[in-house]
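The values are calculated or read from the model by the stated rules, or taken from the named source; none is laboratory data. The structure presented is a predicted model; accordingly, all values stated were derived computationally and were not measured. A quick note on method: Cβ atoms are made from the backbone with ideal geometry, for glycine too, and the neighbour counts reach across all protein chains shown. Surface areas here come from the heavy atoms of the whole protein model, side chains and all, with no ligands, DNA or RNA. Shrake-Rupley method; radii C 1.70, N 1.55, O 1.52, S 1.80 Å.
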Amino acid sequence: MAGIKLHGNALSTAASRVLPALYEKEVEFELVPIDMIAGEHKKESFLALNPFGQVPAFEDGDLQLFESRAITQYIAREYASKGTPLIFPDSKTMAILSVWAEVEAHTFDPPASKLKDELAMKPFLGLATDFAVVEEFEAKLGKILDVYETRLGQSKYLGGDCFSLADLHHLPIIHYLMGTQAKKLFECRPNVSAWVADITARPAWKKVVAMRAY
Amino acid sequence: MALKLHGLALSTCTARVATAIYEKEQQFELVPVNLTAGEHKQPGFLAKNPFGQIPALEDGDLTLFESRAIATYVAEKYKDSGSDLIRHQNLKEAALVKVWSEVESQTFHPVISAIVYQFLIAPLYGQQPDQAVIDANLEKLKKILDVYESRLKSSKYLAGDFFSLADLNHFPYLFYFMRSPWTSMVNERPHVKAWWENISSRPSFKKVAEGMTLGQK
């Protein structure tokens with residue numbers, strides 16, 4: 001069997017969404033680095049794996065996938081019997097999990113990514129942070145986290161009482177933001193703060209963080 | 001007890017759910033939400049969707065929001081009736097449905113919704129369409145549809161040779177886009193055009209389209 005290959009880098013946000021899923025499910029995989037500075041992700045060999053030229057791409061035997069949130073769902077299903085359960089047999093539980101996974105994708109991610117770009121990526125690239133944009137998007141993310149605060153007062157995790165993909169998908173961006181001034185948005189909301197501390201302390205996530213250290 | 005869909009027939013995201021329900025040969029009660037009166041930001045609706053957006057779905061004591069999550073729930077609950085939207089019996093096919101559903105969600109949606117918002121929705125609020133936003137997103141849309149054109153040369157539908165939720169999720173915004181001045185984006189790409197004509201002629205789509213009255217001339 002050819003096994004699992006994840007094409008990407010531990011420093012890529014989207015690849016870092018798949019890595020904790022692989023570690024949670026305790027499956028063997030090979031990380032195939034993609035040299036993005038050399039534009040490898042726009043070359044034919046990578047475009048054959050993801051025609052949109054974005055990292056990560058994923059192979060499991062002869063199955064080829066892209067889009068991090070599709071890959072994590074495949075891993076959760078295919079390896080359901082291994083490691084941490086990330087999906088659940090009860091249809092109502094799955095429906096609610098699915099709702100909060102969509103919230104991450106459509107509501108949380110856009111403003112949170114904007115803040116990541118301004119507060120983490122720009123300094124890294126030697127560019128000037130636009131603090132007017134930061135103020136605007138901190139306000140937006142704050143309102144969203146108010147809803148999370150209420151939600152996490154009703155259940156331990158976003159999807160319900162168990163850790164799931166709905167929580168896991170937040171990890172890479174939260175990791176970036178907790179290293180910036182935006183961390184106050186999470187720290188000042190007790191339920192959100194406890195949830196962040198819990199999910200970022202998971203051994204699977206700590207393995208990903210260790211891969212990113214340089 | 002019937003499914004209750006809280007939303008509006010002309011709303012894209014409500015239409016996404018309605019189409020999925022019809023594809024599964026089920027019925028629902030549409031409970032209108034008065035957006036003009038700000039009903040979606042009132043406690044009664046916020047109890048269903050704390051982010052204050054339509055649609056929300058009630059199925060007995062289960063309440064859901066986020067149209068793509070609702071559509072997936074409907075597809076799974078009624079997996080033995082109507083068209084097979086999620087390919088639950090074949091994990092590889094199911095995974096490819098997820099891939100192209102994510103493409104719609106992450107790549108297609110932000111671009112198409114920006115265009116549709118500017119030319120169709122902004123004027124309803126007395127705003128002038130922002131041509132710079134439209135132009136920038138049309139450029140992005142070209143590149144995205146080039147990838148779709150290439151994909152649809154080797155496969156009849158996005159996830160494979162079978163219609164799925166990945167195709168369905170494109171319907172509402174693409175429907176409104178096809179009332180815009182920029183339909184050449186679709187019509188100049190023969191495989192995208194054929195795919196659009198195919199999926200938009202499905203009975204479920206035609207039924208939902210009757211209520212999608214924005215931008216009608």
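For residues in the range A:199-208 being more than 11 Å from A:TYR23 (Cβ to Cβ) and among the β-branched types (Val, Ile, Thr), which is surrounded by the fewest Cβ atoms within 10 Å (Cβ to Cβ)? This residue is A:THR200.
Only one of these is over 15 Å from the mean Cα position of the chain (by Cα), surrounded by 20 or more Cβ atoms within 10 Å (Cβ to Cβ) and of a type in the set (Phe, Trp, Tyr): B:TYR125, B:TYR78, B:TYR148. Name it. B:TYR148 is the lone residue from the list that is over 15 Å from the mean Cα position of the chain (by Cα), surrounded by 20 or more Cβ atoms within 10 Å (Cβ to Cβ) and of a type in the set (Phe, Trp, Tyr).
Within the range A:141-168, the set of residues being surrounded by 15 or more Cβ atoms within 10 Å (Cβ to Cβ), acidic (Asp, Glu) and within 14 Å of chain B (Cβ to nearest Cβ) comprises A:GLU149 only.
Taking the range A:40-91 as the region of interest, how many residues are among the basic types (Lys, Arg) and within 29 Å of B:LEU145 (Cα to Cα)? Before you say what the answer is, go through the steps one by one.
Restricting attention to the range A:40-91, the residues satisfying the condition of being among the basic types (Lys, Arg) are A:42-43, A:69, A:77, A:82.
Add one more test, that the residue is within 29 Å of B:LEU145 (Cα to Cα), and what stays is A:42-43, A:69.
Selection size over the range A:40-91: 3.
Give B:THR72, B:THR63 a once-over and let me know the one that is touching a residue at least 40 places away in the same chain (Cβ under 8 Å), of a type in the set (S, T, N, Q) and not in a loop (DSSP other than H, G, I, E, B). Step by step, each of B:THR72, B:THR63 is checked, and only B:THR72 is touching a residue at least 40 places away in the same chain (Cβ under 8 Å), of a type in the set (S, T, N, Q) and not in a loop (DSSP other than H, G, I, E, B).
So is A:GLU138 more than 14 Å from every other protein chain (Cβ to nearest Cβ) and either more than 16 Å from the chain's Cα centre (by Cα) or over 24 Å from A:ARG69 (Cβ atoms) (or both) or not?
yes
With respect to (1) within 14 Å of chain B (Cβ to nearest Cβ); (2) in a strand (DSSP E or B), the lone exception for A:LEU31 is condition (1). For the range A:11-18, the criterion of a residue being among the polar types (S, T, N, Q), within 14 Å of chain B (Cβ to nearest Cβ), outside any helix (DSSP H, G or I) and over 16 Å from the mean Cα position of the chain (by Cα) is satisfied by no position.
With the range B:113-217 as the region, which helices (runs of 4 or more DSSP H) entirely inside it contain at least 3 residues that are touching a residue at least 60 places away in the same chain (Cβ under 8 Å)?
On the way: elements: B:131-154, B:165-168, B:171-177, B:184-187, B:190-200, B:203-209.
Filter on the range B:113-217 gives B:165-168, B:171-177, B:203-209.
Results for (1) at pLDDT 95 or above; (2) over 18 Å from the mean Cα position of the chain (by Cα), shown as yes or no for each residue.
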{"residue": "A:LEU49", "(1), (2)": "yes, yes"}
{"residue": "A:GLU59", "(1), (2)": "yes, yes"}
{"residue": "A:SER68", "(1), (2)": "yes, no"}
{"residue": "A:LYS82", "(1), (2)": "yes, yes"}
{"residue": "A:ILE87", "(1), (2)": "no, no"}
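Do we have B:ASP59 as facing chain A (nearest Cβ under 10 Å), open to solvent by less than 40 Å² (accessible area, probe 1.4 Å) and over 19 Å from the mean Cα position of the chain (by Cα) here? Yes. Scan the range A:97-129 for residues that are within 10 Å of another protein chain (Cβ to nearest Cβ) and open to solvent by 50 Å² or more (accessible area, probe 1.4 Å) and the total you get is 1. Annotation: B:THR36 fulfils all but one of (1) modelled with pLDDT under 95; (2) in contact with a Pro (Cβ under 8 Å, 6 or more places away or on another chain); the unmet one is (2). Evaluated against (1) more than 10 Å from every other protein chain (Cβ to nearest Cβ); (2) touching a residue at least 60 places away in the same chain (Cβ under 8 Å), B:LYS41 falls short on exactly one condition, (2). If you go through the range A:54-73 and pick out every residue that is under 17 Å from A:ALA10 (Cα atoms) and more than 9 Å from every other protein chain (Cβ to nearest Cβ), you end up with 6.
If I filter the range B:133-144 for residues that are closer than 17 Å to B:SER101 by Cα and either in contact with a Ser or Thr (Cβ under 9 Å, 6 or more places away or on another chain) or open to solvent by less than 50 Å² (accessible area, probe 1.4 Å) (or both), do I get at least one hit? It would help to see each step written out before you state the result.
As a first pass, look at the range B:133-144 and keep what is closer than 17 Å to B:SER101 by Cα: B:141, B:144.
Next, only the ones that are either in contact with a Ser or Thr (Cβ under 9 Å, 6 or more places away or on another chain) or open to solvent by less than 50 Å² (accessible area, probe 1.4 Å) (or both) stay: B:141, B:144.
Taking every residue of the range B:133-144 in turn, at least one turns out to be closer than 17 Å to B:SER101 by Cα and either in contact with a Ser or Thr (Cβ under 9 Å, 6 or more places away or on another chain) or open to solvent by less than 50 Å² (accessible area, probe 1.4 Å) (or both).
Restricting the range A:2-51 to residues that are open to solvent by 30 Å² or more (accessible area, probe 1.4 Å) and aromatic (Phe, Trp, Tyr), the residue that is nearest to A:ILE174 (Cα to Cα) is A:TYR23.
Looking at this structure, is A:ILE87 touching a strand residue (DSSP E or B) at 6+ places or on another chain (Cβ under 7 Å) and within 14 Å of chain B (Cβ to nearest Cβ)? Steps first, please.
Working: touching a strand residue (DSSP E or B) at 6+ places or on another chain (Cβ under 7 Å): no; within 14 Å of chain B (Cβ to nearest Cβ): yes.
When the stated conditions are applied, A:ILE87 does not pass them.
Residues that are touching a Phe, Trp or Tyr at 6+ places or on another chain (Cβ under 9 Å), exposed (fewer than 15 other Cβ atoms within 10 Å of the Cβ) and either facing chain A (nearest Cβ under 10 Å) or farther than 21 Å from A:GLN54 by Cβ (or both) occur in the range B:88-103; there is at least one. Condition first: crowded, with 24+ Cβ neighbours inside 10 Å and in a loop (DSSP other than H, G, I, E, B). Now tell me which residues in the range A:63-90 satisfy that. If the condition is that a residue be crowded, with 24+ Cβ neighbours inside 10 Å and in a loop (DSSP other than H, G, I, E, B), then A:GLU67, A:LEU86 are the ones that fit. When A:VAL196, A:VAL192 are checked against the criterion of being touching a His at 6+ places or on another chain (Cβ under 9 Å), open to solvent by less than 50 Å² (accessible area, probe 1.4 Å) and not polar (S, T, N, Q), A:VAL196 stands alone in meeting it. Applying the selection to the range B:1-32, what residues are open to solvent by less than 20 Å² (accessible area, probe 1.4 Å) and in contact with a Gly (Cβ under 6 Å, 6 or more places away or on another chain)? Of everything in the range B:1-32, those that are open to solvent by less than 20 Å² (accessible area, probe 1.4 Å) and in contact with a Gly (Cβ under 6 Å, 6 or more places away or on another chain) turn out to be B:THR14, B:GLU23, B:LYS24.
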